[in-house]
Amino acid sequence: MSEEKLSILIVDDEEVVRDSLVHWFTEEGYDVDSSASAPDALSKLAGREFDLVIADIRMPGMDGIELLEKIRSEQLDTSVIVMTGYASVETAVRALKHGAFDYITKPFDPDDLSVVVRNALEQHRLKRENRMLRQQLTEEASLNELIGGSDAMRRVREQIETVAGVDSTVLIEGESGTGKELVARAIHRLSPRRYNPMVVVHCGALTETLIESELFGHEKGAFTGAQYRKKGKFEAAMGGTVFLDEIADISLKTQTDLLRVLQEREIVRVGGTQAIKVDFRVIAASNRNLAEIVKEGKFRSDLFYRLNVFTIHLPPLRERHGDIPLLATHFLDKYSTQMNRKFTGFDRAAMDMLIAHNWPGNVRELENIVERAVVVGHEPLIRAHDLALPRPAEGAEDLSLESVERRHIVRVLEDFGWNQTQAAKALGIDRVTLYHKIRRYGLKPPAKAARV
C-alpha cells in the first residue's frame, strides 16, 4: 500500500505563479491544489485538510496576513509559508509573529522554496507525532482518573475496558457532576480511534438553530453571517469520537437529523445539497433517565435504541460514601501542588463532615469544596471550618433533589459574590443553564452583588 501524498494549497491572485508552483510541486510528488483568493482558500480548507498552505501576502480583498490569522483563529491543522516582494519583508516578519512557518521573497528560486517546503512539512509531521505520543502517555492514566475502590466504580472501570475496544455506541447515564465526560474520554483513549479527535458537544448550551450548524457545518451564505464554508462537529471528528453531552436536551427535529446520521453515516451541511460521508463513534450522556423521557413522548424511541447499545450507569456520590476519602485526598494533592501549599490531609472533624454530606453536586461539588479549602485553609491540615458545607440544622430538612439543588446553587453564587460567570464554571455548567435555573428557582442577588 503506497504512502499517502502530502498536500499543499497554493494561494496567489497571479495565475502564472499559481500554475508554475502547482506544476513544480506536483512533479515533486505532492498533492497540490490552488486558489486565486483567500476566501476561496478558506472554503477549500473547510472542505479538506492540507498539510501546508503557501500564500502570497499581497492579494486584493483579504490579504495573506488576514488569511493566516483566520487559519490560526479556526485552529486549522496546517502549516503556512508566505510569499512576499522585496519591499514587503517587514510585513513578512509580521506574518512570522502570527504563526507562519517561514517566508520567501519574490522572485524566488524554486529549489530554495522546495527546501523551505520540506522543512515546513517535516515540522508539521513532528508536531503530529508529538501529539500522538502525548495522547499515548495519557492512555495509561485514563482509568486511574476514575478514582474509587467501591464495587460500583470497579464495575464502571470493567465496563469501560469491555466497550472501549469495540465500536458500539455508548450511553452514559448519571446525575450532574458524576464524571460522565471523564468516562467518555477514558473510552476514547482506550479505543482504536484514540489517535483521532474526540469532539465534545454540550447539547444543553446550544439553541436549536445553533446546534444544527455546530453539528453539520454550513455552506457559505447559508444564513446571515455565514461568510465561509465551515465544518461541523461531525466532520471535525472524522475517524474519532463525538461525545454528545446532555443528549436529552436536543429538540425532536435535531433528534430526527441525528438518527439519520447514525443510520446513513453521512451528513449534509446547512445550506448545502451534497451528502458527505462521515466516520465517527458516538458516546452520549444524560443526567436524566432517557427511557422515562421516551415514555413521556419527548425523546424518539428509535434514536434511544440506537444510542442505548451499551449503557454505563454512574452512581451518585451519596451511594459510594466509602470513596469520599480517596477523592478528597486526590483533590487535596492536586490543588496543593497547583497552589504550592503544603497540606498533608484532613483532620477527623473535616473528614467526618465530608463523609456525612449528601453531595447533591456529586464529585464536581466535592472538588470545588476541596479547592476552596486549600485557598482559605492553614497548613498542614484542612479543618472543618475550612469547608464551605452547611451545618446540620435542627428539625426536618427538605431533602428533595430540587430543594438541595436550589440551596447548592445559592451557596455557590454567594461564594462568588453572585458573579454568574464564575459560579457557572464552579458548578460545571454553562452560564445559560445557570441563568435558567436562577429564574426557575426565583433567586435574587443582594442589591450590591455582581451579575457578571
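Computed quantities for the displayed model
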quantity	calculated
Filter result (under 16 Å from SER176 (Cβ atoms), of a type outside the set (Val, Ile, Thr) and not in a helix (DSSP H, G or I)) within the range 429-446	ASP430, TYR441
Qualifying residue in the range 284-291 (condition: touching a Leu at 6+ places or on another chain (Cβ under 8 Å), under 19 Å from PHE310 (Cβ atoms) and surrounded by fewer than 17 Cβ atoms within 10 Å (Cβ to Cβ))	no
Evaluation of ILE54 against (1) surrounded by 14 or more Cβ atoms within 10 Å (Cβ to Cβ); (2) outside any strand (DSSP E or B); (3) of a type outside the set (S, T, N, Q) (one fails), failing number	(2)
The lone exception for ASN358 - which of (1) under 30 Å from GLY165 (Cβ atoms); (2) part of a loop (DSSP other than H, G, I, E, B); (3) not acidic (Asp, Glu) it fails	(1)
Conditions (1) at pLDDT below 85; (2) within 30 Å of ALA38 (Cβ to Cβ); number of the one not met by GLU208	(2)
Of residues in the range 307-362 being among the basic types (Lys, Arg) and touching a residue at least 40 places away in the same chain (Cβ under 8 Å), the one surrounded by the most Cβ atoms within 10 Å (Cβ to Cβ)	ARG320
Tally of residues being small (Gly, Ala, Ser) and either touching a residue at least 60 places away in the same chain (Cβ under 8 Å) or buried (at least 20 other Cβ atoms within 10 Å of the Cβ) (or both) across the range 427-443	1
Residue within the range 227-234 that is surrounded by fewer than 16 Cβ atoms within 10 Å (Cβ to Cβ) and in contact with a Pro (Cβ under 9 Å, 6 or more places away or on another chain) present	yes
Top-ranked residue in the range 156-175 [being out of contact with any strand residue (DSSP E or B) (no Cβ under 9 Å at 6 or more places or on another chain) and of a type in the set (D, E, K, R); ranked as surrounded by the most Cβ atoms within 10 Å (Cβ to Cβ)]	GLU175
Number of positions in the range 150-178 that are of a type outside the set (A, V, I, L, M) and part of a loop (DSSP other than H, G, I, E, B)	10
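The values are calculated or read from the model by the stated rules, or taken from the named source; none is laboratory data. Owing to the predicted nature of the structure, the values given are computational and were not obtained by experimental measurement. Counting neighbours? That spans all protein chains shown, and the Cβs are built from the backbone with ideal geometry, glycine included.
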